[in-house]
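To keep things clear, I will list the structure first and then write my remarks on it.
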Amino acid sequence: MTTPRDGLAVLGPALAFALLMSNYVCSSKAQIKPEAFPLAALAAGPATYGVDDGTHITLWSRAATQARADALVKAYNATHKNHIDATYVPTDDYQTKVGAAAAAGGLPDLFSADVVFMPNWTSAGLFTDITDKIATLPFAANIAQGAINVSTWKGRKYGLPFVVDLSVWMYNKKLFKAAGLDPNKPPTTLAEFAADARAVQKLGGNVHGTFFGGDCGGCEVFTWFPIAWADGETVMNPEGTESHLNSAENKGIYATFRSLVEDGTALMPDTKTETGPTWTGYFPKGNIGIMPMPASLQGMANSSLADADIGVTPIAGLKGGQATLVGGDAIGISRDSKVANAAWNFLAWMVSDEAQIEVVAKGGNVLARPDLANNKYSAADPRLVIFNTVAAKGQTPFAKAFGATFNDPQGPWLVLLRDAVFGDASKIDADNAAINASLNP
Amino acid sequence: MTTTRTGTLGRTPYYVLTGGLAIIFLFPLLWSLAASVSPQASTGQVNGFGLGNYTTLFNYGAGLAQFLLNSAYVALFTVAITLAVSTLGGYAFARFRFPGRDALFLLTLSILMVPYATLLIPLYVLLNGLGLQNSLIGLSLVLAMFQLPFATYMMRISFEAVPRELEESALVDGCGTFSVLWRILLPSVRPGLITVGLFAFLAAWSDFFAPLILLTDSAKQTLPLAVANLRQQTMGAIDYGATEAGVVVMAVPCLILFLLLQRYYVRGFMSGAVKG
Amino acid sequence: MTPATPDHRAAPAAWWRLTWWRYRQLMGVAYAAPTVFFVAVFFITPLLLVARMSLSSWPLLTGNGGLNFPKNYLSIWKNALFGPAVVFTIEYTLIVTVLLIGLGLGLALLVQERGRWVDMLRTVILLPVSLGLAAASLLFWGFYSPSIGPINPILEQLGLIHDPISFLGTSLSALLSTSFLIVWKYTGLYMLILLVGLQAIPDDLFEAAALDGASRIQVFRHITLPLLRPSLALALILCVTGSLLAFDQFYILTKGAPDNSTVTVVQLIYREAFQKQNLGTSAAISIMVLVALLVLNTVQFRYLRSSEPGLKR
């Protein structure tokens, strides 16, 4: 039945696989060196994790995520022969710069993208297909899928998560106590969120119940979309061509925030005029009760807000549930790169256990590998565990014309949300039609 | 200067009015200086007055020294190209008649009528084609081009203001046109040259958009680019202190040059006075 | 080889003059050559590309998609932001032009005297001109911000206001605040241009008018203004063109907020190119703006030429 050659055909890879796995399981470092196991190397294929031979690699990323991106770049440069030259571009101008470079064939080897821009750039063919390369990673299934999903176009994958941003609700435990709320029982529905905010508002003085960036489309995408998702509702169809932002669910969300604005619970006029650059600067001042924030504790505690007073809870829906928006940056190899293998070496390292634990978790940031949530650094702080576990309940919205629809200060989403919360709420359906038009250019 | 023609406004109201104006004009500049050393949350200078923001600026990216060097290189190169092209061109327009003269002059002036955003992508593609992408020289060429309308106009009226006799006597003596230009005319149009050079320097030093698109190397970034980046390093928090420190550093060389060369550019504009 | 002429004494002179003429022409072309090079390579070539883009479907990321005239031009009319942007840009231009030229003229008249005080005043007014527009916009961005802006605290201390003024919060305040920035920055330049024009008016005219008993207003209306026309026209052309093309200050200060009420035409050009990623429509708007400016400036230029009292250019 089976010839010896058949046997070897089965045994060979099996042996190789076992050897690979043993290395992975037995050593504390999950860095597989194929050259140590020649048979494994043969079976696993050539240069699985790219090449590390002193190549010069160029990388572009946004200024908004610079600190975390740079931590990874520096750690990579310190432990590898390859060298990455990172350029950080002003956040507002990043799309412009990449667009110009794409038009002229001048893209760098690696460049990151706000996850919501990935469909736009993958569909334009700016990235190299790395589907097969990803498949060679043993932990591929454990990587946060949100970033990979938005980096997938027509079934092929083009990106991996670089810096992960999640949205959560943060609340000031000191203010909660003063308002007679239990600081260890954060709200579990949107109604409770509003009630708690109102309770804090009653404290008066320069204390306010809540705050949000009312002139910033991207901020509301980040912090309101999860409310709908927590209820199992949708904001768009999966292809990103049809908007459900005028559904009953979403109208209910807008109504809640409208009421918080109208009764003064939300800090005004700042809420109405905040265009985005400073929206996360309010909570650390210590006089906001509860508000949505990015899931990062880095550098937040200060003289006005003690670390012990920072409470964290997942975003909840109208009826309950939990969700988050898995945002941040994805990163891929550009179509113009001549050193794709060296660039891949960085990408593979970036999502490996070593980088995720020793660089990302150590820095108190959200991991791209939810399976490593209970590592030695995060376990010490239950809030970090919340960050990492809620990531598993997160989604990333997908639309080819995302930027022009939702992030553009002249785009239709901002018009809709401002009508819903500050202006004429009866215009919501008309505004939603404009969003649909923008999603289908 | 001429005698007063405004008549008497009354001395005290005059001083009050002009004093008030002076304060209004100076205030933002002085405030910027003060803000760059004042304490402000989420900056490099949280408590008390000091140079913390300048430290942030200094340590950012490739370092302040590198950005200053890049800006200086681009500015000086732009000045050189602008002066060379506009002087020769101004001389041509002022003193010679040749086919297409007026058309060329109007074409040069019409550069003013096209916005940056329009030309930048084609220029980017063009520089790539010429092999000048991501180069400070390529950037300087583009900036010089945008200076041409003003510079050429300036040099033209400067040359036109020089009495023809000066030139004609030299030509009769047998000098070639170039030595006439070099030895006789240039000293006479020095105010114009300085004006053109100064404005070219100021424009190139402070330009943000062209370096943003045309430069990709972080080590080649110019100062305005670095300051714009500094503004928003972490999401949701703006480093106002570093921004103002950046503004001060960008402004100081300009202000100093402007003050030092004041005599010249006033005279540069004045050369047009004879012709209107 | 002298051509056969009736008067053989005139022939050599004519021939010599012809060569001299040719020589001068050639030298002129030679000196103008660098300008020709720059204009041709760095201006005309990109402009032709822009024209071509305006006639084609040209997505930013994927490049030339073939001709589609007149689709790009038609889409401009369909762009809901276009009309308001044109209106706003014209509004802004009017405000800024009136302020800059009016203030520039007034200050020019004011600082004609000699003296240390006047020198100081002139210098102070000219200082902001040296700042780059981006630097000045960043400066005012901090100046107007609710976090570190100094005006509100000062006014509140003086008891003049109760609630802080939001400089960029409403469409009117954003327009006025940005206009203030521009007026602050450029008044010195226009003051200089008009000052120079004023200096060019011969003193004897004023002395004669004074002897005739003319009042200050009459002097202004009948002597100063007419003779100032060339300078005024130059200032007008610069100011109008610059304001119609306003971008940097709005990009940094307002980004079109609040509620798209401070969007200028060039911002639309930028948005079409980089947000909507459509170089074709962006180029179409650019070409339209260019044509409008050409027409406008030709009219203004004609006005300048017609008003020059017998001056040759």
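Quick one: would you say B:VAL180 is more than 30 Å from C:TRP20 (Cα to Cα) and assigned to a helix (DSSP H, G or I)?
no
Kindly establish whether C:THR89 is surrounded by 14 or more Cβ atoms within 10 Å (Cβ to Cβ) and within 30 Å of C:LEU198 (Cβ to Cβ).
Considered against the rule, which asks whether it is surrounded by 14 or more Cβ atoms within 10 Å (Cβ to Cβ) and within 30 Å of C:LEU198 (Cβ to Cβ), C:THR89 comes out as no.
Kindly indicate which of A:ASN365, A:ASN341 is of a type in the set (S, T, N, Q), under 24 Å from A:ALA124 (Cα atoms) and in contact (Cβ under 8 Å) with a residue 24 or more places away in the chain.
Exactly one of A:ASN365, A:ASN341 is of a type in the set (S, T, N, Q), under 24 Å from A:ALA124 (Cα atoms) and in contact (Cβ under 8 Å) with a residue 24 or more places away in the chain, namely A:ASN341.
Every residue in the range C:267-289 that is in contact (Cβ under 8 Å) with a residue 60 or more places away in the chain and facing chain B (nearest Cβ under 9 Å), please.
C:GLN267, C:ALA273, C:PHE274, C:LEU279, C:SER282, C:ALA283, C:ILE285, C:SER286, C:ILE287
Take B:ILE137 and tell me if it is under 17 Å from B:THR222 (Cα atoms) and in a helix (DSSP H, G or I).
Against the criterion (under 17 Å from B:THR222 (Cα atoms) and in a helix (DSSP H, G or I)), B:ILE137 qualifies.
Before we move on, is A:GLY363 touching a Leu at 6+ places or on another chain (Cβ under 9 Å) and either over 22 Å from A:ASN184 (Cβ atoms) or not hydroxyl-bearing (Ser, Thr, Tyr) (or both)?
For A:GLY363, the condition - touching a Leu at 6+ places or on another chain (Cβ under 9 Å) and either over 22 Å from A:ASN184 (Cβ atoms) or not hydroxyl-bearing (Ser, Thr, Tyr) (or both) - is not met.
Just to be sure before I move on: is A:LYS74 out of contact with any Cys (no Cβ under 8 Å at 6 or more places or on another chain), more than 10 Å from every other protein chain (Cβ to nearest Cβ) and free of Cβ contacts under 8 Å to residues at least 60 places away in the same chain in the structure I sent?
The answer is yes for A:LYS74.
Give just the number: which of (1) over 30 Å from B:VAL252 (Cβ atoms); (2) of a type in the set (Val, Ile, Thr); (3) surrounded by 24 or more Cβ atoms within 10 Å (Cβ to Cβ) does B:VAL189 not satisfy?
The one condition B:VAL189 does not meet is (1).
For A:VAL312, which of the numbered conditions (1) at pLDDT below 90; (2) within 20 Å of the chain's Cα centre (by Cα); (3) surrounded by fewer than 23 Cβ atoms within 10 Å (Cβ to Cβ) fails to hold?
(1)
Yes/no matrix, rows are residues, columns are (1) of a type in the set (A, V, I, L, M, F, W, C); (2) facing chain C (nearest Cβ under 10 Å); (3) touching a strand residue (DSSP E or B) at 6+ places or on another chain (Cβ under 6 Å):
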{"position": "B:GLY176", "(1), (2), (3)": "no, yes, no"}
{"position": "B:TRP182", "(1), (2), (3)": "yes, no, no"}
{"position": "B:GLY192", "(1), (2), (3)": "no, no, no"}
{"position": "B:LEU198", "(1), (2), (3)": "yes, yes, no"}
{"position": "B:LEU215", "(1), (2), (3)": "yes, no, no"}
{"position": "B:ALA219", "(1), (2), (3)": "yes, no, no"}
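Return the residues of the range A:62-84 that are modelled with pLDDT of 90 or more and not in a helix (DSSP H, G or I); say none if nothing qualifies.
Result: A:HIS80, A:LYS81, A:ASN82, A:HIS83, A:ILE84.
Specify the residue that is farthest from A:PRO294 (Cα to Cα); the eligible residues are those in the range A:355-400 that are of a type in the set (A, V, I, L, M) and part of a loop (DSSP other than H, G, I, E, B).
A:ALA399
Quick one: which residue in A:ALA100, A:ALA147 is within 14 Å of chain C (Cβ to nearest Cβ) and either modelled with pLDDT under 90 or farther than 18 Å from A:LEU347 by Cβ (or both)?
Answer to the check: A:ALA100.
Taking C:PRO46 and the conditions (1) under 20 Å from C:TYR270 (Cα atoms); (2) over 25 Å from the mean Cα position of the chain (by Cα); (3) within 14 Å of chain B (Cβ to nearest Cβ); (4) not small (Gly, Ala, Ser), which numbered condition does it fall short on, given that it satisfies the others?
Unmet condition: (2).
Just to be sure, is C:ILE125 among the β-branched types (Val, Ile, Thr), in contact with a helix residue (DSSP H, G or I) (Cβ under 8 Å, 6 or more places away or on another chain), farther than 25 Å from C:LEU236 by Cβ and modelled with pLDDT of 85 or more?
So C:ILE125 does not fit the description; no.
So that you can scan it fast, the table gives a plain yes or no per residue for (1) assigned to a loop (DSSP other than H, G, I, E, B); (2) more than 10 Å from chain B (Cβ to nearest Cβ); (3) surrounded by 23 or more Cβ atoms within 10 Å (Cβ to Cβ); (4) free of Cβ contacts under 8 Å to residues at least 12 places away in the same chain:
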site	(1), (2), (3), (4)
C:VAL196	no, no, no, no
C:LEU205	no, yes, no, no
C:LEU225	no, yes, no, yes
C:SER243	no, yes, no, no
C:VAL263	yes, yes, yes, no
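Being over 18 Å from A:VAL163 (Cβ atoms), part of a loop (DSSP other than H, G, I, E, B) and free of Cβ contacts under 8 Å to residues at least 60 places away in the same chain is the filter here, so list the residues in the range A:278-301 that pass it.
Within the range A:278-301, A:THR278, A:ALA301 qualify.
Results for (1) more than 9 Å from chain B (Cβ to nearest Cβ); (2) loosely packed, with under 14 Cβ neighbours inside 10 Å, shown as yes or no for each residue.
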| site | (1), (2) |
| --- | --- |
| C:THR19 | yes, yes |
| C:ARG24 | no, no |
| C:ALA33 | no, no |
| C:PHE42 | no, no |
| C:ALA51 | yes, no |
| C:SER54 | yes, no |
| C:TRP58 | yes, no |
| C:ASN72 | yes, no |
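Could you list, in sequence order, the residues of the range A:231-249 that are part of a loop (DSSP other than H, G, I, E, B), out of contact with any Pro (no Cβ under 8 Å at 6 or more places or on another chain) and at negative phi?
Those that are part of a loop (DSSP other than H, G, I, E, B), out of contact with any Pro (no Cβ under 8 Å at 6 or more places or on another chain) and at negative phi: A:ASP231, A:GLU233, A:THR234, A:ASN237, A:PRO238, A:GLU239, A:THR241, A:GLU242, A:HIS244, A:LEU245, A:ASN246, A:SER247.
From (1) modelled with pLDDT of 85 or more; (2) farther than 27 Å from B:ALA245 by Cβ; (3) in contact with an Asp or Glu (Cβ under 9 Å, 6 or more places away or on another chain), pick out the condition that doesn't hold for C:ALA108.
That leaves (3) as the condition not met.
Please give the number of the condition C:GLN112 fails out of (1) at the interface with another protein chain (Cβ under 10 Å from one of its Cβ atoms); (2) part of a helix (DSSP H, G or I); (3) over 23 Å from B:ALA228 (Cβ atoms); (4) touching a residue at least 24 places away in the same chain (Cβ under 8 Å).
Among (1) at the interface with another protein chain (Cβ under 10 Å from one of its Cβ atoms); (2) part of a helix (DSSP H, G or I); (3) over 23 Å from B:ALA228 (Cβ atoms); (4) touching a residue at least 24 places away in the same chain (Cβ under 8 Å), the lone unmet condition for C:GLN112 is (2).
Among the residues of the range A:258-274, is there at least one that is buried (at least 21 other Cβ atoms within 10 Å of the Cβ), farther than 24 Å from A:PHE176 by Cα and within 14 Å of chain C (Cβ to nearest Cβ)?
Within the range A:258-274 (the criterion being buried (at least 21 other Cβ atoms within 10 Å of the Cβ), farther than 24 Å from A:PHE176 by Cα and within 14 Å of chain C (Cβ to nearest Cβ)), the answer is yes, since at least one residue qualifies.
The values are calculated or read from the model by the stated rules, or taken from the named source; none is laboratory data. Bear in mind the structure is a predicted one, so any value in this text is a computation, not a measurement. Cβ atoms come from the backbone with ideal geometry, glycine included; neighbour counts cover every protein chain shown.
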